[in-house]
Amino acid sequence: MRSNRLKRWAVIPIGLAVAIILAGCTQEQLQGWLPGDAETTNHTSRIIGLWVTSWIVLLAVGLVTWGLIIWAAVVYRRRKGQSGLPVQLRYNLPVEIFYTIVPLILVLGFFAFTARDQAAIEEPTANPDVQIEVFGKRWAWDFNYVTDDAYYSGVQADFNPDGSIDTDNLPVLVLPVDKTVEIKIESRDVIHSFWVVDFLYKKDMIPGKSNYMYFTPTKIGTYAGKCAELCGEYHSLMLFTVEVVSQEDYDAYIESLKAGEYAPYGGEGQIGADFNVNQNLPGNGSSTED
């Protein structure tokens, strides 16, 4: 009876704690404190789901581990009047099977779900609506709008008089909402990494190698982008902005590029590999290709 009373009293604070925690969760907490939200692109909900589910599993493992540690410390503590070492055990087969099989299942599970989601995210889009080529360069970005035969060449971020970064003059990549996008990712010099923070995905830019990203932006807005690979002295200033706009605004922007409104930074045509620093790499017109 005493044991039953203790169990009933234990259920009350545990139930209250769980209710308070669940009721107090904000949207930010529900998505694991990741930036953006599930509606930013067609892939962000999948990424958030993988992240949050992984943390739930890991927290459950942590609670079991901490519980076993505390239980062992309490149950097998030295009592008053005891001396010497307690009975020593060489092994415990059930426990050893448990801590071998369970981690194996967890690792295989994490691998399987990660491989599944990565394969879905990396699946090439057939006949994308918009094809864009992005060049990373120390320490800025060039954007080729391949489908629309226009380009924008960015410059490195600068500072305001008060020491803050001038975000008004960053290179801008404009994308139409709800249109499939293929981005071909290149580097002009060293390894960079193309990262739109709220898109929850990044891709390395490797000299002499083309990488690709496929996604559909699904929410109009302005998103911060940056290089995610340490690439030299001004790596922290290698910033850009992504603007997801309506199809009409996208078409108007392309026309303004072609009309020379952004000259000398933007215009009609494409800027290619002839501006690459490493001219001896494959794909840059090196003599080995001849």
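May I ask you to verify whether Asp162 is of a type outside the set (A, V, I, L, M, F, W, C), loosely packed, with under 15 Cβ neighbours inside 10 Å and assigned to a loop (DSSP other than H, G, I, E, B)? Judged against the criteria, Asp162 is a match.
Name the single residue that is modelled with the lowest pLDDT among those in the range 26-65 being among the β-branched types (Val, Ile, Thr) and farther than 23 Å from Phe215 by Cα. Among them, the one singled out is Thr26. Select from the range 235-271 the residues that are closer than 23 Å to Asp166 by Cα and among the aromatic types (Phe, Trp, Tyr) and write down the one among them that is nearest to the chain's Cα centre (by Cα). Only one residue fits best here, namely Phe240. Restricted to the range 84-119, and to residues there that are polar (S, T, N, Q) and over 37 Å from the mean Cα position of the chain (by Cα), the residue that is modelled with the lowest pLDDT is Gln88. On the stretch given as the range 49-91, residues that are among the polar types (S, T, N, Q) and open to solvent by 70 Å² or more (accessible area, probe 1.4 Å) total 4. Cβ separations smaller than 6 Å between residues 6+ apart or across chains give the following pairs from the range 242-270 residues that are within 29 Å of Tyr201 (Cα to Cα) to residues that are open to solvent by 60 Å² or more (accessible area, probe 1.4 Å) and hydrophobic (A, V, I, L, M, F, W, C): Val244/Ile220. Of the strands (runs of 3 or more DSSP E) lying entirely inside the range 178-217, those containing at least 3 residues that are touching a His at 6+ places or on another chain (Cβ under 8 Å) span 201-205.
Take the range 111-146 and flag every residue that is open to solvent by less than 30 Å² (accessible area, probe 1.4 Å) and of a type in the set (Val, Ile, Thr). Scanning the range 111-146 gives Ile121, Val130, Ile132, Val134.
Within the range 86-134, being of a type in the set (S, T, N, Q), in contact (Cβ under 8 Å) with a residue 40 or more places away in the chain and assigned to a helix (DSSP H, G or I) holds for one residue alone: Thr114.
When residues in the range 186-212 are screened for being open to solvent by less than 50 Å² (accessible area, probe 1.4 Å) and under 17 Å from Ala119 (Cα atoms), 4 of them pass.
Listed by first and then second residue, the pairs with beta-carbon distance under 9 Å, at least 6 apart or on different chains, first residue in the range 215-238 and at pLDDT below 95 and surrounded by fewer than 16 Cβ atoms within 10 Å (Cβ to Cβ), second assigned to a loop (DSSP other than H, G, I, E, B) and of a type in the set (Asp, Glu), are Gly232/Asp189.
The values are calculated or read from the model by the stated rules, or taken from the named source; none is laboratory data. None of the values given here were measured: they were computed from a predicted structure. In this analysis, Cβ positions are derived from the backbone assuming ideal geometry, glycine residues included, and neighbour counts consider all displayed protein chains. Calculation scope for accessible area: heavy atoms of the full protein, side chains included, ligands and nucleic acids excluded. Shrake-Rupley method; radii C 1.70, N 1.55, O 1.52, S 1.80 Å.
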